[in-house]
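Have a look at the structure below, then the notes.
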């Protein structure tokens, strides 16, 4: 699986290394192992370390465990309209603390 992340502007992550696009590829093998390859737009491999991927995600505020990151706006609104079915999903996505949910103040 390969994704391309725009890396431009004042908040770009190591633009001198990655350029205008960061390309992240994850490969899986039949035996279940996986590897990362983080490349520049030109295809030069910059890193294969998961720590570098975590640093990129932190810098760009990408929450990979948040399912709302991969939904289109239309699909997200359709899911939220079924609030009884999606409340646990919505809570997880919004990071609403359980203490507020139990107090009834949400």
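Once both labels are positioned 7 Å from their Cα atoms along Cα-to-Cβ, the gap between residue 45 and residue 73 label points is 3.9 nm. Shown for 36, 28: other C-beta atoms within 10 Å of each C-beta, ranked fewest to most, produce the order 28, 36.
We did not get these values from a lab; they are worked out from the coordinates using the rules stated. Being a predicted model, the structure only gives us computed values, none of them experimental. Counting neighbours? That spans all protein chains shown, and the Cβs are built from the backbone with ideal geometry, glycine included.
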